[in-house]
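The values are calculated or read from the model by the stated rules, or taken from the named source; none is laboratory data. Remember, it's a predicted structure, so these values are computed and weren't measured experimentally. Every residue, glycine as well, gets a Cβ built from its backbone with ideal geometry; the counts of neighbours run over all protein chains shown. Ligands, DNA and RNA are stripped out before the accessible areas are found, and what is left, the full protein with its side chains, is counted by its heavy atoms. Shrake-Rupley method; radii C 1.70, N 1.55, O 1.52, S 1.80 Å.
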Amino acid sequence: MRAFAGWGAPLLLLLLLSCGKPLSSSNASSWGSHGGGGLSPGPAMDVASGFCGVRDDAGGGDSQGWFSGECAAEGVCGAIREEEEDGVGHVRALGEVDDEYIVRFKEYRYAGEFRRALEERLEGNGRVWQWLERNNPASAFPTDFGLLRIRRTQYEVMLEALRGLEFVKDVSPQMRFSRALMSESGENEQNSGTGREDLNGRCDVSDLEGVEEVLESKPPGRLRTKLSCEDEFQDVTPPLLANVSLNHGRSLLLQRSQITSMFESEKLWAKGFTGAKVRMAVFDTGVRADHPHFRNIKERTNWTNEDTLNDNLGHGTFVAGVISSQDPQCLGFAPDAEIYAFRVFTDAQVSYTSWFLDAFNYAIATKMNVLNLSIGGPDYLDLPFVEKVWEMTANNIIMVSAIGNDGPLYGTLNNPADQSDVIGVGGIDYSDHIASFSSRGMSTWEIPHGYGRVKPDIVAYGREVVGSKISTGCKSLSGTSVASPVVAGAVCLLASVIPEKDRWKLLNPASMKQALVEGALRLSGPNMFEQGAGRLNLLKSYEILATYKPRVSILPSALDLTDSPYAWPFWRQALYAGAMPLIFNATILNGMGVVGYIDTKPTWEPFEASGSLLDIQYTYSDVIWPWTGFLGLHLRVKPEGTRYQGTIEGKISFSVVSPPARGESSPRKWDCELPLKVSIIPTPPREKRILWDQFHSVRYPPGYIPRDSLDVRNDILDWHGDHLHTNYHGMFDALRDAGYFVETLGSPLTCFDATQYGTLLMVDLEDEYYSEEIEKLQDDVKMKGLGLIVFADWYHVETMVKMKFFDDNTRSWWTPATGGANIPALNDLLAPFGIAFGDTILNGPYSIGGERAQYASGTDILRFPAGGFVHRFLFQDSSGGRSGITSSRSSVRAQVESPILGAVEAGRGRIAVYGDSNCLDSSHMVSNCYWLLKKLLDFTSSDIQDPVIFPATNELGSPLGSVDSPIPRRRTDVDFSPYSLVLKHPLRCGLDAPLAVQDTEGYVIETSRLRTILEPTPIGSGHLQPNESTSSDGAPHSMDRFSRKDFPFESNSTDMASNVSVLSLDRETGSTPGVVFPTQAESETNESVPELRAADNANSRGKENSQLPLGLWNRDELDLTTQTAVQWLAPILLCITGFVLILGLWRVRQKKHRRARKGSTRSLLNL
């Protein structure tokens, strides 16, 4: 209970504060979330107080920025275009601060100058806004932002006026956020969503009465992960009368707990390296000036609105102690490092964005060398914070940050540790196992068009690490915020290895990361997204730095996609011809300078002739800044490799140049090589290939997308990426174990050839759909035999409206953009098949075929066609639960029987739908339903009807529901377009689509026939996007030829893209009308294509032979000769019909005349 007692008072204070109005911070600011994409490059030189500035292009009013200034070590600043990433985490945002806004300016000046400029330009609005003074050490230096209080009734007018000023960069809301407690026991309980924590020397927030209710009502601001947890730690000094066995046991405990000994720091201390003359900034809760563990506390600064410099919580003291303590019971790595304690959190663990921005500016102005930041969150679009991190690293500050405590879940990297210019640190235990609390990769900035980067960069011990207490003595903590100062302390120690006169000419964020990752020891069990480069190896990194020369390297240094288990998920599925491209996102580390450019474009150099079967497209940073960039590899197998099986090896080569350093006259240049090894197999049969729809997944950020399971109280946002290799990694492994091959589609549904896939898998999707997608999917299923499986989630407008009010500030900015899934959009997609989901929220267990499952915040099926099979079960309908948070635990409700599972044949294809995705999502899974997914795949891909799913008693004799029954409607009070890749975006296929349709609309249905649109336009924003390419006259290139120069990316394929032709319909060979396929030469080598479709062709020929010729019933496109014949056929038939009709009528009339004459003759005879 001692551990809990230390946190109890601050936590109770936090709970009280969170229930009331947020602190009004005359000294404060917060982390405002912003939408927007990457930044545009623009080299410029602005000297502002000797450090790098951030300014916009004069004509820019959006989020695009220009970075300029004089960098401390290089004397040059540059610009960056691609998005970088941040991440660590122990803080939860409490929402926007009423009426307070951060105004960022395009250059650095003293605050008084900006205030006077605003007063002059906003003279008529003087009574509706107020400049808030920030009385902190940074006020003595120029700044690039101001904090305003704007009257609520006038804030829209004022914001418009501010954004119209030429010296204003942007305006973002002030946000308040708080650091919450982390528990070790909660590591494995996050999935259950109970939030219960073990108090055995650990932190338990759930045992406090009312805590769960408070956590539910916290506003959905920037989510932060949990704080490090205090462990039971007994005094490691042996008692005087202890026996031998006791002494021995305690000696072992001391040896394990002394973190510096685990990395053999004593060997560097013996050489005289102790971190001297290294300025270490600790951003935390402060430290006491007279603390006996520290010999070199240079400065303490307070950035909060509390009048104290002391640490009253102990976390800041612990972090500083791990870095530089001299106490023999809890030694730090660099006892002679100069400690600068930045107190950025109050005693209640509350902070604001403006506090961090001011503190960051002060760190730049006072020339800090290393900075440790043990906080973070998932909001990588928080531009004021992210851009300030870029600015700090551009000024040669080496930032070390914890990767987050949201493990063991994947896709939970925290910002700023997930940024490539930051050293992101994960945690391991003393058995070299990844700590269950440590967040896993990959980064999620780049999806859906691209692929995430490898993070963390490195791992260090983060469980039961011993450090300094508030006043004296030692204690142990666990968490990645403990692993982060371990690496930060090692960085200080390593920095002192370089002689002081050359130290900061050689050392920079890139060179230090090179030494750490290249020296790291790779662990045998974890994969790359769990351990990064491996465990910190202090002595090996020392050897690298001792002989270091400025250079460029790639992370990872070698790419062996066959390496198991490290190269998961790539080793689990080999490459094959016809597949969607495999994308890998490598990081470029430029130790030569803060700015660099790729001079010689990447080229693929295979070691053997078979390597020519591999085609690689490249995307990369236009400008490598600050210190880092990206290299995107899009790997695919050429058609002639359809039947190839084997391993291909080679290397990717390119060169990087940087401006000359001070005292040099010529640019620096480095030739880079990335070894590559991949496995290739023959193209699998169609029924074994699954296509995963990634394009229509929307997650936080940029929008407030609520969680899929409303029973989960401690995770209010859907922010794990919803990718096969993040929170759906368990499902991916299960499908591979079952023999299926799963490919990712990051472009619209018009961008794939349905004849190549057995099933399209759509899970937990939130985006809208183009009308062309709806039409094509109908044709794909009914005419081409594509299987379709849809897993939906809850959608209830009343619940979403109630969730809106959880924000302290009730602006619609934090209104949920949609439910767990976008049911109205899915219903539009499924309408041609007579299927629709409802808007109930169902919870409870059920059993089918002996398999038990849990339905967690799922929806029901409202409409389903006759002849289909539907399963109904009893559930609790918790729609519209208390406080907007619905839960099966909220109250006892009557159970209702609801249909949740349906399967039906649709033309040549087959469809299966299910109302809940939580049984596939590893984030908050109670029990998996992989068994159900496999049975549905047997049906949709191979037409195998399992009796468990298809009992005769469940067959519908008449349609479920009616066309007149109401279905869920879209919210009219929410603008979904800022979060969507469909609304207000042109229909275009990206680089993750087949080569033949890239930068086109794809295979589009129009006027009852299939065609390929070949009109290039720039595709939407994203990390792996090509630049717009135009011809000499300024018009876009024609895509008729698909020549290499028409693509704004590089590829080692010289003729594959140009050897395409548009073929008309030929159902006997399984081709598709109007679709781009290989030419005859390629078709001869791609013999497996007709083989893959043989079964479908055999089933379809009988039907087709019974239909009319000329394809009139099949919607076939007719050639010119046939069209001419058809045009004349109708008039000829009409003439013949008319002639026959007239002739018939004439003959009938003649017969009547003859009968009349005969009658007259008989009459005369009778007379």
Mean Cβ neighbour count within 10 Å, used as a protection proxy, ranking 649-661, 985-997 highest first: 985-997, 649-661
Selection of GluC sites (Glu not before Pro), segment 458-549, meeting DSSP coil and at most 14 other Cβ within 10 Å: Glu500
Solvent-accessible surface ranking, highest first, for Ser771, Ser325, Ser610 at 1.4 angstrom: Ser771, Ser610, Ser325
Gyration tensor (alpha-carbon) shape descriptor, segment 665-818, a/c threshold 1.5: oblate
Kirkwood-based shape ratio for segment 536-605, expressed as Rg/Rh from alpha carbons: 1.06
Cα-Cα over 22 Å, subset of Lys540/Lys669; Lys475/Lys513; Lys513/Lys549; Lys267/Lys455: Lys540/Lys669; Lys475/Lys513; Lys267/Lys455
Accessible area (Å², per residue) of segment 657-809, counting only protein heavy atoms and a probe of 1.4 Å: 24 Å²
Virtual spin-label span in nm between Asp946 and Arg127, 7 Å along Cα→Cβ: 7.2 nm
Cleavage-rule hits, trypsin sites (Lys or Arg not before Pro), segment 452-559, DSSP coil, Cβ neighbours within 10 Å at most 15: Lys501, Arg522
Cα shape, segment 343-397, gyration tensor, a/c 1.5 rule: oblate
Solvent-accessible surface (1.4 angstrom probe) belonging to Ser962, in square angstrom, nearest 10: 60 Å²
